[in-house]
1. Kindly establish whether Thr162 is polar (S, T, N, Q), farther than 22 Å from Phe82 by Cα and at pLDDT 95 or above.
2. Quick check, is Leu78 at pLDDT 95 or above and touching a Ser or Thr at 6+ places or on another chain (Cβ under 8 Å)?
3. Please enumerate the residues belonging to the stretch 109-163 that are out of contact with any Asp or Glu (no Cβ under 8 Å at 6 or more places or on another chain) and on the phi > 0 side of the Ramachandran plot.
4. Hey, Thr117 hits all of (1) in the same structural domain as Ser43 (by TED's automatic domain parsing); (2) in contact with a helix residue (DSSP H, G or I) (Cβ under 7 Å, 6 or more places away or on another chain) but one; which does it fall short on?
5. Given the conditions (1) surrounded by 19 or more Cβ atoms within 10 Å (Cβ to Cβ); (2) touching a residue at least 60 places away in the same chain (Cβ under 8 Å), which single one is not true for Glu159?
6. Look at Met55 and say whether it is assigned by TED's automatic domain parsing to the domain that holds Gln217, touching a residue at least 24 places away in the same chain (Cβ under 8 Å) and surrounded by 15 or more Cβ atoms within 10 Å (Cβ to Cβ).
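The values are calculated or read from the model by the stated rules, or taken from the named source; none is laboratory data. Just so it is clear, the structure is predicted and the values come from calculations on it, not from any experiment. Virtual Cβ from ideal backbone geometry, glycine too; neighbours counted across all protein chains shown.
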Amino acid sequence: MSRIRQLAGTLCMVMVLHSTSAIAFFAAPKAIAQTPPTTLSTSDAIQQVVAAGLMNNYADGQFHPERFMSRAELASILVKAFALDTRAAATQENLVEVQDVPASHWAFNNIQTVLKTGIMRGYRGNMFFPNQRVNRAEAFAIFAQAYGVYQFPDDTVAEILTPYPDAASVPTWARRSLATALNEGFVNIDAQGNIRPLQPVTRGDMAYALSRYLARQQQPGV
């Protein structure tokens, strides 16, 4: 992976020099860190993100890591984790027209923020489908977009994805973003080393990604 580490450093410079690229880079990419995705337990991850205020327990006091996440929930978590509401695009006064998310919706402001910043996109007919489940490919690709996507060349993306048995099931549109998330250690994999890109993302999955992100903020280079 040394070649990928060198390439990541080069890409970091490229993103500084080409900040007007069509792909948005909202966070400076870090150096490659090949920390095994299984080194952090789900319970540890949950404790960390709850303590940081990025996710909350339910009214019964339980986190319920097995529960699936909706688009509205994902939007709200990412706004908080990456302070998306402080980015320039989020401060635009004009609202994005969204037919199925009225101003009374609990996640209205957060959904407006992810749409204005381009972190998430709506569907045809100005629909957002806030209650729709999100699969793991979508969730981690969106997470990577909020973090900052490496502009890896295709051969490097393939090199990152190839070790995973189910890499072929990663949608084409998500490959580069998911490669960034994997490369940064944000993706938890199963015992067989599978990414499971088409399975619904769970609260436990997102807690893991957020805990790894917190570790990077606290210890750059981890």
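1. On the way: polar (S, T, N, Q): yes; farther than 22 Å from Phe82 by Cα: yes; at pLDDT 95 or above: yes.
Yes: the conditions hold for Thr162.
2. Taking the combined requirement at face value, the residue does not satisfy it.
3. Gly118, Gly125, Gly148
4. For Thr117, the failing item is (1).
5. It fails just one condition, (1).
6. yes
Each row is one residue, and each column tells you yes or no for (1) under 12 Å from Phe143 (Cβ atoms); (2) hydroxyl-bearing (Ser, Thr, Tyr); (3) under 17 Å from the mean Cα position of the chain (by Cα).
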{"site": "Thr156", "(1), (2), (3)": "no, yes, no"}
{"site": "Leu161", "(1), (2), (3)": "no, no, yes"}
{"site": "Ala174", "(1), (2), (3)": "yes, no, yes"}
{"site": "Asn194", "(1), (2), (3)": "no, no, no"}
{"site": "Met206", "(1), (2), (3)": "yes, no, yes"}
{"site": "Leu214", "(1), (2), (3)": "no, no, yes"}
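Every residue, every condition in (1) out of contact with any Leu (no Cβ under 7 Å at 6 or more places or on another chain); (2) at pLDDT below 95; (3) of a type in the set (A, V, I, L, M), yes or no:
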| site | (1), (2), (3) |
| --- | --- |
| Ala31 | yes, yes, yes |
| Thr42 | yes, yes, no |
| Phe63 | yes, no, no |
| Asn110 | yes, no, no |
| Lys116 | yes, no, no |
| Gln132 | yes, no, no |
